[in-house]
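J.: Sending over a structure as structure tokens; questions will come in a sec.
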Amino acid sequence: MARPSWEKQMRDAALATLDSKQWVKGTQVAGFGKEFADYCGVLGATPCQNGSSALWAALRIAGIGPGDEVIVPSFTFISSTTCVLLVGAKPVFVDIEPDYYCLDVQKVKQSITTDTKAVIGVHLFGQTYSSELVELCRKENLVLIEDAAQAHGARQTFANGDERIAGAMGDIGCFSFFPSKNMAVGGEGGMLTTTKPQFQDRIVGITNHGRSPDLEAIQLGSNLRMSEVSASIGRIQLHSLDKWLELRRHNAAEFTKALMTHPTLTAPKIRPKSKHAWHQYCVQTTEPDRFISHLDVLGIDARRYYTIPCHRQQVYIEHPQYNSTLVNTNKAANTLVAIPVMHELTESERNRIIAALVSFK
Ligand SMILES: Cc1ncc(COP(=O)(O)O)c(C=O)c1O
């Protein structure tokens with residue numbers, strides 16, 4: 001399902017950083033933050049330990065805590081929602097769009113109460129959430145935390161014609177560089193981006209014990225810093241991201257072409273005016289397990305996402321929505337199978353996958 005790139009330039013950068021013995025708090029982390037901010041077209045970007053700590057930090061920066069409600073999807077990776085529990089606030093689970101699997105904006109609107117302080121929008125599988133979500137949060141004065149863990153390089157054109165890239169579609173953006181993601185750093189890693197001047201210094205601070213430049217702890221923070229070696233690898237990977245995205249888009253287009261006339265398998269849709277980052281290519285089928293067995297016999301890896309919606313997991317047993325059903329979430333949980341779409345897929349592997357799709361009856 002995933003095969004991270006590891007090229008000579010990345011190895012050289014990592015070894016040079018180790019040889020320098022500047023292993024933390026150096027020029028690599030500073031350079032990676034600056035280059036990632038430039039790539040996303042945002043005010044600032046701060047490398048950190050992983051996507052989950054980025055989400056926790058984003059909520060802290062936004063001042064979210066006990067008594068506050070945060071609207072989240074349930075059809076996502078668990079840490080998009082448990083970060084809300086970790087700051088003592090209440091996640092409010094909202095259903096997704098049937099076609100794009102991101103938060104349904106109308107349902108978000110209906111779920112806003114006087115306690116709602118923020119929304120965590122997830123660009124799921126690399127598909128950006130709707131630009132209407134951005135508009136709604138602005139109108140309702142809600143902080144929009146952008147979970148871009150799966151969406152490095154995804155793009156969306158807004159009604160005014162502006163094209164924005166993931167990381168620039170909310171108040172605080174959170175990325176993951178887990179090895180399966182569209183770009184990686186040779187271990188755990190994450191990034192916090194922001195478009196808001198009032199958040200930038202606090203983001204830098206929270207990843208470093210909440211300290212000000214003169215080393216006084218002025219906010220609650222922790223050690224969420226990325227290592228220099230990871231940053232040096234990330235900088236090289238970032239150079240290749242757009243090239244890799246084109247390969248993912250090409251793989252996805254070929255799969256979709258092959259599925260156009262398939263009697264039972266349905267290809268994923270792309271939101272109009274967006275450029276999908278294809279972290280995952282999820283085929284819809286009423287027989288996900290039989291489809292996976294079919295691929296398995298042919299030596300092709302495949303995974304179901306996300307079979308237990310977040311609000312139905314044990315950690316939420318005392319949550320008021322634990323026993324409730326979100327219709328589109330349920331349908332997605334029961335029908336989606338991800339097939340390999342990674343940029344490192346060879347042509348012959350892609351053709352083998354296409355043949356396997358076509359031969360599923
Ligand atoms: C949507 C989403 N959010 C958050 C995360 C958390 O990132 P990490 O694994 O780097 O903590 C992930 C990673 O799998 C993810 O897919």
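J.: Just to check your reading of the model, which residue among SER74, SER53, SER111 is in contact (Cβ under 8 Å) with a residue 60 or more places away in the chain and either surrounded by fewer than 23 Cβ atoms within 10 Å (Cβ to Cβ) or within 20 Å of THR194 (Cβ to Cβ) (or both)? Don't jump to the end; show me each part of the working.
T.: Details: SER74 fails: either surrounded by fewer than 23 Cβ atoms within 10 Å (Cβ to Cβ) or within 20 Å of THR194 (Cβ to Cβ) (or both); SER111 fails: in contact (Cβ under 8 Å) with a residue 60 or more places away in the chain.
Sole residue among the options that is in contact (Cβ under 8 Å) with a residue 60 or more places away in the chain and either surrounded by fewer than 23 Cβ atoms within 10 Å (Cβ to Cβ) or within 20 Å of THR194 (Cβ to Cβ) (or both): SER53.
J.: For segment 258-361, please list each of the helices (runs of 4 or more DSSP H) lying entirely inside it that holds at least 1 residues being within 30 Å of LEU86 (Cβ to Cβ) and among the charged types (D, E, K, R).
T.: Details: elements: 288-297, 327-335, 347-358.
Per the criteria, 327-335.
J.: Out of all the residues in segment 269-300, which are more than 26 Å from ASP242 (Cα to Cα), of a type in the set (A, V, I, L, M, F, W, C) and either in contact with a Pro (Cβ under 6 Å, 6 or more places away or on another chain) or without any contact (Cβ under 8 Å) to a residue 12 or more places away in the chain (or both)?
T.: Once the filter is applied, which keeps residues that are more than 26 Å from ASP242 (Cα to Cα), of a type in the set (A, V, I, L, M, F, W, C) and either in contact with a Pro (Cβ under 6 Å, 6 or more places away or on another chain) or without any contact (Cβ under 8 Å) to a residue 12 or more places away in the chain (or both), segment 269-300 yields only VAL297.
J.: Can you report the number of residues in segment 178-207 which are without any contact (Cβ under 8 Å) to a residue 60 or more places away in the chain and either of a type outside the set (Gly, Ala, Ser) or not in a loop (DSSP other than H, G, I, E, B) (or both)? It would help to see each step written out before you state the result.
T.: Just the residues of segment 178-207 that are without any contact (Cβ under 8 Å) to a residue 60 or more places away in the chain, to begin with: 185, 187, 198, 201, 205.
If we keep only those that are either of a type outside the set (Gly, Ala, Ser) or not in a loop (DSSP other than H, G, I, E, B) (or both) too, we end up with 185, 198, 201, 205.
Going through segment 178-207 one residue at a time, the tally reaches 4.
J.: Determine which member of the set GLU146, GLU228, GLU188 is more than 12 Å from the ligand (Cβ to nearest atom) and among the charged types (D, E, K, R).
T.: Details: GLU146 fails: more than 12 Å from the ligand (Cβ to nearest atom); GLU188 fails: more than 12 Å from the ligand (Cβ to nearest atom).
Only one candidate passes the filter, namely GLU228.
J.: Going through THR256, THR266, THR335, THR261 one at a time, which residue ends up being β-branched (Val, Ile, Thr), over 28 Å from GLN156 (Cβ atoms) and free of Cβ contacts under 8 Å to residues at least 60 places away in the same chain? Walk me through it before giving the result.
T.: Details: THR256 fails: over 28 Å from GLN156 (Cβ atoms); THR266 fails: over 28 Å from GLN156 (Cβ atoms); THR335 fails: over 28 Å from GLN156 (Cβ atoms).
From the options THR256, THR266, THR335, THR261, the qualifying one is THR261.
J.: Considering each of ASP171, ASP201 in turn, give the residue that is closer than 17 Å to PRO47 by Cα, more than 10 Å from the ligand (Cβ to nearest atom) and modelled with pLDDT under 95.
T.: Working: ASP171 fails: modelled with pLDDT under 95.
Going through ASP171, ASP201 in turn, just one is closer than 17 Å to PRO47 by Cα, more than 10 Å from the ligand (Cβ to nearest atom) and modelled with pLDDT under 95: ASP201.
J.: Then there's this: Just to check your reading of the model, which residue among SER176, SER180 is under 20 Å from VAL72 (Cβ atoms) and modelled with pLDDT of 95 or more? I'd like the intermediate steps shown before the answer.
T.: Details: SER180 fails: under 20 Å from VAL72 (Cβ atoms).
Going through SER176, SER180 in turn, the sole match is SER176.
J.: When you check ALA332 against the structure, is it within 27 Å of ALA2 (Cα to Cα) and surrounded by 20 or more Cβ atoms within 10 Å (Cβ to Cβ), yes or no? Show your work before the answer.
T.: Details: within 27 Å of ALA2 (Cα to Cα): yes; surrounded by 20 or more Cβ atoms within 10 Å (Cβ to Cβ): yes.
Against the criterion (within 27 Å of ALA2 (Cα to Cα) and surrounded by 20 or more Cβ atoms within 10 Å (Cβ to Cβ)), ALA332 qualifies.
J.: Take the residues of segment 92-108 that are assigned to a loop (DSSP other than H, G, I, E, B) and closer than 18 Å to CYS137 by Cα: which is nearest to the ligand (Cβ to nearest atom)?
T.: Keep residues of segment 92-108 that are assigned to a loop (DSSP other than H, G, I, E, B), which gives 95, 97-102, 104.
Of the ones still in play, those that are also closer than 18 Å to CYS137 by Cα are 95, 97, 102, 104.
On the way: ASP95: 17, GLU97: 16, CYS102: 11, ASP104: 17 Å.
This residue is CYS102.
J.: Out of segment 41-91, which residues are of a type in the set (Val, Ile, Thr), assigned to a loop (DSSP other than H, G, I, E, B) and more than 10 Å from the ligand (Cβ to nearest atom)?
T.: Kept after step one, since they are of a type in the set (Val, Ile, Thr), are these residues of segment 41-91: 42, 46, 61, 64, 70-72, 76, 78, 81-82, 84, 87.
Filter once more, so that each one left must be assigned to a loop (DSSP other than H, G, I, E, B): 42, 64, 76, 78, 87.
Those that are of a type in the set (Val, Ile, Thr), assigned to a loop (DSSP other than H, G, I, E, B) and more than 10 Å from the ligand (Cβ to nearest atom): VAL42, ILE64, VAL87.
J.: Same structure, new question: Return yes when SER111 is farther than 16 Å from PRO91 by Cβ and more than 16 Å from the ligand (Cβ to nearest atom) and no when it is not.
T.: It is false that SER111 is farther than 16 Å from PRO91 by Cβ and more than 16 Å from the ligand (Cβ to nearest atom).
J.: Further question: Pull up segment 155-168, narrow it to residues that are buried (at least 22 other Cβ atoms within 10 Å of the Cβ) and hydrophobic (A, V, I, L, M, F, W, C), then point me to the one that is nearest to the ligand (Cβ to nearest atom).
T.: Residue satisfying both the conditions and the ranking: ALA166.
The values are calculated or read from the model by the stated rules, or taken from the named source; none is laboratory data. For clarity, every value in this text was computed on a predicted model and none was experimentally measured. Note that each Cβ is placed from the backbone with ideal geometry, even for glycine, and that neighbours are counted across all protein chains shown.
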